[in-house]
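S.K.: Here it is: the structure, laid out below.
The values are calculated or read from the model by the stated rules, or taken from the named source; none is laboratory data. Note that the structure is a prediction, hence the values are computed from the model and not measured. Neighbour counts run over all protein chains shown; Cβ positions are idealised from the backbone, glycine included. Accessible surface areas use protein heavy atoms only, side chains included; no ligands, DNA or RNA. Shrake-Rupley method; radii C 1.70, N 1.55, O 1.52, S 1.80 Å.
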Amino acid sequence: MRAIFPRQALSIAERLRDAGWIAFVALVLGVPMIGLTTVDAGNKLVVHTRLPLLMEFVAACFLGRLALRFSLDKFAQRKIERQAQEARRTVQIPARSTLPLIKWLGWWLLGAALVLPLMFSGNRYVVDTATTVLIYVMLGWGLNVVVGLAGLLDLGYVAFYAVGAYAYALLSTQFGWGFWQSLPVAGGLAAFFGLALGWPTLRLRGDYLAIVTLGFGEIIRIILVNWTELSGGPNGIASIPRPSFFGLPFQAPSDDGVQTFAGFFGLEYSPGQRVIFLYYLILLLALLTNLFVTRMRRLPVGRAWEAIREDEIACKALGINVVTVKLSAFALGAMLGGLAGVFFAARQGFISPESFVFSESATILAIVVLGGMGSQLGVVLASLVLVLLPEIGRDFAEYRMLLFGMAMILIMVWRPGGLLVRREPAIMAPAPMQARP
Amino acid sequence: MASIIQQLINGLTLGSIYGLIAIGYTMVYGIIGMINFAHGDIYMVSAFIAVTCFTLLAAAGISSVPLALLIVLAVTVAFTSVFGWSVERTAYRPLRGSTRLAPLISSIGMSIFLQNMVQVTQGARVKSIPPIITGGIDLFTRDGFNVHLAYSQIIIVMVTVALMAVFTWLITQTSFGRQQRACEQDRTMAMLLGIDVDRTISLTFMIGAALAAVAGVLVTVYYGVIDFYIGFGAGIKAFTAAVLGGIGSLPGAMLGGLVIGLIEAFWAAYLSAEYKDVATFSILILVLMFRPNGLLGRPEVEKV
C-alpha cells in the first residue's frame, strides 16, 4: 500500500527494526571478511580474530542506515509537499530548461582547458593529470561512437588502444618513424583490426558481441605478453621517441648542433615545456575527435548509427545495410582508440601489456555510460570524475580502489541514465506549425 | 593414448568448476538480462571463506576429511549466498527498469569493490593451505606414462554431478523453479499473476552465489592456493562457457564449462600453455560465427 499512498512517516520502532536488520546482514557479511582473517605464521595459516573492528563495522552500518533512511524519508516528504503545492497553483511555472547551462558548460570547460597549463605552468602534476583526463576523454569519445551512438556493447576497446600504442612504438623504435607519420598508419591499423574483428561478429546479438570483444581484448593482451620477439613481452618497449614540435625536439640544448624547441624560440630550457606541449597535443587530438564525431553524426551514416541503436529491424526494413553501418561505427571507434594509443605511447615513452588490461576497457566503458550514453559533454564530465577520484583518493592509499568501486555503484544508482541524461538527437523533426487562435 | 586420457580427466575436473560458476551467469542473464561481472568475485570471496573455514577446523582438531569438507561446504555456501543477496540488493535492484548498461557498469564497480575489499581485509598475499584430500588411483601405465586419477578430482566431478541433479530438480519440479522460469519468460506477466518477482530474482542470485561457493570450495581443495585476483580469470572463463553453451540455457552452461575445461587442458598439454586462453576465445568466436546462439541456445525470434 505504501507504494500507492503517500509514504507514512515510520515510527521509531520500525526504523530501529529496519536498521537492526541491516546491521544483522552486515554482521553476517562482516564475520568471514572482517571478523576473521588468516595470517601466514611460519609455513601454515592461522586464524586471527578482529572482534572490535567487526563491532565498529556493524555499529557503523546500523547508524548509517538510520541516518540514510531518515534523510531519504525527509527528502521524499519534501518532494510530495512541493508537488502538492504546485498542483494547487493555477498558473504553471514552466520548468526551467537546463539545456543552455549545459551548452555554456561545454564552452567553459574548453576555456578552462585552454588556459590550464598557463595557470599551472609550474605544477607538473596538475598538467600531467589533466593530460590523463584528456586521453580518457578521447578514448571515451571514440567508444561513444560504438556504444553510445551505434549501441554496440564493446568490452575490449582497450585492444585497439594497444594496437595504436604498439604500432607507434614499433614504427618509431624499429624504423625511425616520427609521431605525425605514424599517427595515420597506426590509426589505420587499429581500424583494420576493428574491421577484422567486426566483420565476422557484428551479426551477433548485443550481449554475444560483448563477450567476443572481451575475448578479443584478452587475445591481444596475451599475444603482447607472449610474443616476445615482437612486443618485448612483459617487459614492454622502452625509450619510445617523444613527439617533436614541427621537428624541434624538446631537450636540453646540446653542442651537436641539433636545433631544439627552447633554442629556436630563444627560451630557457625546462622539462615542463614538453609536458605542456603534450597537453596541448592531446587537447588538439581530442577536439579534432569531437569535431569529427559531431560532424559524422550529421551525415547519413551517423544518423544510421543512431537509428540502428533505436530499432534495428526498422532500419533493415528501410533498406539500411545494418552490417556495413555497424562496421563503420566499429572501425571508426577502433581508429580513434588507436590514435589515442599512439599519443599514449609517445607520452609515456614506455609501454607494456600491463597498461592494456580489461579494467582499462571497463573504465572507458564506465566513462561512456556514466556520462550518459551518446552525450559528448557527459564523457568529459565522467572522465573528470573517474580520473580525479583515484587521484584524490591517493591519501587513502589501499582504500583507493575500494572507494572507486563504491563510487561507481553509487553514481550509477544515483543517476541510472548517466550524469547528463538528456540525449540530444542529431536532428529533430521541425516543430509543427502552431495554429493561430 | 595414456596422456590423452590424463588430459581428459584434468579437463573434465576443470570444466566442472567452470560449469558451476557459469550457471550463475546464465541464470542471472536469463532472468534480468544483465552480465553480472561481480559473479567471478563472489566465487573468489567464497574461496577465501573456505580457506578461513578449513584453517579454523584444522585448529579445532577435526581431522575427519569428509566431515570437514561437509562443514566447510555448508558454511561457505551459507555465507556466500548472503553475499550474493547483498550484491543484488545494493547494486542491481535500484537499477531495475533503467537502461541495459546501467547494471552492467554497477556490476563492474561491484567487482572492483569486492576485489579490493578482500585485498584490504584479508591481505594481498597468496594464501595456501595444506592439501586436504591427498592420494589417488593410478589407473594404468602405458608407454611409460602413468594415468593418475586423484581423489580430489573424483570428489569434484561427483559433487558437480550431484549438484546438477539437485539443481535440475529445483528448476524443473519445484514451485520456486516454476516461478523462476516464469520470471525469465515474462517478468511483467509473472508479476501480474502474483509471483513475487523481487524475491525470485533475489533467490536466483543466492542460488548462483551458492553454486559459485561450491566451486570456490572445490578449487581450494584442488589447488590449495588462492589470491584476491582469481575471480577475474575464472569469471571470464565461466562467462565464456555460458555464452558458448548458449546463454540462458542451464545444460548449455555446464556443457560450455566442460568444453572450455577440455580445450584448456588439451591445448596446454599439446600446443602451448601460454596461448591456451587465446585458443579458448578463438574457439568461442568460431562457434558463434556458425551457431550465433551458442551450442544449446534457442534461436531468438525477434518480433516487431
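S.K.: How much FRET efficiency would the formula 1/(1 + (r/R0)^6) give for B:Ala273 and B:Met1, where r is the Cβ-Cβ distance and R0 is 25 Å, rounded to 0.05? Kindly include the intermediate steps, with their values, before the conclusion.
M.R.: Details: r = 21 Å, r/R0 = 0.86.
According to the calculation, E is roughly 0.70.
S.K.: Going by a ≥ b ≥ c, the root eigenvalues of the Cα gyration tensor, does the stretch B:223-304 fall in the rounded group (a/c under 1.5), the prolate group (a/b larger than b/c) or the oblate group?
M.R.: Prolate, because a/c is 1.5 or more and a/b exceeds b/c.
S.K.: Can you pull the mean other chain C-beta count within 10 Å for peptide A:27-40?
M.R.: Mean number of neighbouring Cβ atoms from other chains: 6.
S.K.: Calculate one ³J(HN,Hα) per residue across the stretch B:53-66 by plugging θ = phi - 60° into the Karplus curve 6.51 cos²θ - 1.76 cosθ + 1.60, and present them in order as whole Hz with x for glycine and proline.
M.R.: After applying 6.51 cos²θ - 1.76 cosθ + 1.60, I find 5, 4, 5, 4, 5, 5, 5, 6, x, 7, 10, 6, 5, x Hz.
S.K.: Return the whole-Å distance between the Cα centroid of the stretch B:112-158 and the Cα centroid of the stretch A:127-189.
M.R.: Each part reduced to its Cα centre gives a spacing of 41 Å.
S.K.: Let me ask another. Which value in nm describes the separation of the simple spin-label points at A:Ser359 and B:Phe290, placed 7 Å from the Cα toward the beta carbon?
M.R.: A separation of 3.9 nm, rounded to one decimal place.
S.K.: Let me ask something additional. Which order, highest average first, do B:257-264, A:51-58, B:138-145 follow once you tally other Cβ atoms within 10 Å for each residue and take the mean per peptide?
M.R.: Descending packing order for the listed peptides: B:257-264, A:51-58, B:138-145.
S.K.: Show me A:300-313, B:158-171 ranked by packing, highest mean number of other Cβ atoms within 10 Å first.
M.R.: By packing density, highest mean first, the sequence is A:300-313, B:158-171.
S.K.: Just which residues of the stretch B:111-155 lose 40 Å² or more accessible area with every protein chain there, against their chain alone, with the probe set to 1.4 Å?
M.R.: SASA drop of 40 Å² or more in the stretch B:111-155: B:Ile112, B:Phe113, B:Asn116, B:Val120, B:Thr121, B:Gln122, B:Lys127.
S.K.: Residue by residue through B:272-284, how many Cβ atoms from other chains fall within 10 Å of the Cβ on average? Could the numbers behind the result be given before it?
M.R.: Numbers: counts 1, 1, 5, 5, 1, 5, 8, 1, 3, 10, 3, 1, 6.
Across the residues of B:272-284, the mean count of other-chain Cβ atoms within 10 Å is 4.
S.K.: Follow-up question, since we're still on this one. Which number do you get for Rg(Cα) / (2.2 N^0.38 Å) in the stretch A:96-414?
M.R.: 1.03
S.K.: I would also like to ask the following. Given points 7 Å out from each Cα along the Cα-Cβ axis, report the B:Ala74 to A:Leu114 separation in nanometres with one decimal.
M.R.: 7.2
S.K.: Would you please give the FRET efficiency between A:Gln83 and B:Thr174, computed as 1/(1 + (r/R0)^6) with r the Cβ-Cβ distance and R0 = 45 Å, to the nearest 0.05?
M.R.: For R0 = 45 Å, the calculated efficiency reads 0.50.
S.K.: Here's another thing I want to ask about it. Inside 10 Å of the C-beta atoms of A:208-217, what's the mean count of C-beta atoms belonging to other chains?
M.R.: Going residue by residue through A:208-217 and averaging, the value is 6.
S.K.: When the C-alpha atoms of the stretch A:12-92 are aligned to their principal axes, what extent does each axis show, in angstrom, from largest down?
M.R.: 78, 27, 14 Å, listed from the longest principal axis down.
S.K.: In addition: log₁₀ I(q)/I(0) of the stretch B:1-107 at q = 0.21 Å⁻¹, via Debye over equal Cα point scatterers, no solvent, to two decimals?
M.R.: For the stretch B:1-107 at q = 0.21 Å⁻¹, log10 I(q)/I(0) is -1.09.
S.K.: Could you identify which residue out of A:Ala362, A:Ala84, A:Ala340 has the top mean-square fluctuation in a GNM of chain A using Cα springs shorter than 10 Å?
M.R.: A:Ala84
S.K.: Which of these, B:Thr99, B:Thr13, B:Thr80, has the largest mean-square fluctuation under a Gaussian network model of chain B (Cα springs below 10 Å)?
M.R.: B:Thr99
S.K.: Starting from the Cα-Cα distance between A:Leu248 and A:Thr228, subtract it from 0.36 nm times their residue separation and give me the gain in nm to one decimal.
M.R.: The A:Leu248-A:Thr228 span can extend by a further 3.9 nm.
S.K.: Looking at the protein assembly as shown, how many pairs of lysines come closer than 23 Å at the Cα, when each pair is eight or more places apart or spans two chains?
M.R.: Lysine pairs meeting both conditions in the protein assembly as shown amount to 6.
S.K.: Return the ratio Rg/(2.2 N^0.38 Å) for chain B, where Rg is computed over Cα atoms only.
M.R.: Normalised by 2.2 N^0.38 Å, the Cα Rg of chain B equals 1.01.
S.K.: Subtracting the Cα-Cα distance from 0.36 nm times the residue separation, let me have the gained length for A:Arg415 to A:Arg203 in nm, one decimal.
M.R.: Extra length available between A:Arg415 and A:Arg203 comes to 73.2 nm.
S.K.: Eigenvalues of the Cα gyration tensor times 5, then square-rooted: what semi-axes does that give for the protein assembly as shown, in whole angstrom, largest first?
M.R.: In descending order, the three semi-axes are 43, 36, 28 Å.
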